[in-house]
């Protein structure tokens, strides 16, 4: 079963709801990927968001339309993947923080240069490296190739806590994770 298409504005109406809903979904890029176990939501009025100061050349994809991949470099080193949310012009998204790798495991291991399954996709930069995501994916629809997004097959328990790896709005409880998952980038407190 697929998550709603990128044309479904209702599904993408709230970055917080999307971040929570994506936990347990399967994300594949060219058939390689896994179960989303950790996300973070961002919104235009959030000082930690790339969209807080308005559209720029770097973040223009984040301003819509929804259902697209917003890719950016973190610290000039790692690519990071976000799903654009809300109505066009709003500036909201969901950062994919961690996956449990399940498809294309050998490809992921080669791309990451390590064997320990728990560390292959535990962090947003690791997710992009493992799935081969770069700036060439910026602006692509997340429900069309090379992306494939499948809804969870079972009920899951979602944890909520403050976001991590940021210096502003650090207490905002917009980080979501799969309860009991050893594949989180960092444990929930």
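Every read-out reported here was derived from the displayed coordinates using simple, explicitly stated rules and does not represent laboratory data. This one's a predicted model, so the numbers in the text were calculated from it and none came from an experiment. Counting neighbours? That spans all protein chains shown, and the Cβs are built from the backbone with ideal geometry, glycine included.
Of note:
- Segment 96-189: C-alpha gyration tensor shape, a/c 1.5 cut-off, then a/b vs b/c: rounded
- Segment residue 134..residue 77, full-extension length gain: 19.4 nm, with 0.36 nm per residue of separation and the alpha-carbon distance subtracted.
- With 0.36 nm allotted per residue and the present C-alpha distance subtracted, the residue 154-residue 112 stretch has 12.2 nm of extension available.
- Extension gain, residue 186 to residue 102, is 28.3 nm, computed as 0.36 nm per intervening residue step minus the present C-alpha separation.
- Peptides ranked, highest mean first, by Cβ atoms within 10 Å: ranges 145-157, 125-137, 88-100: 88-100, 125-137, 145-157
- Using a simple spin-label model with pseudo-atoms 7 Å out from Cα toward Cβ, residue 144 and residue 171 lie 4.4 nm apart.
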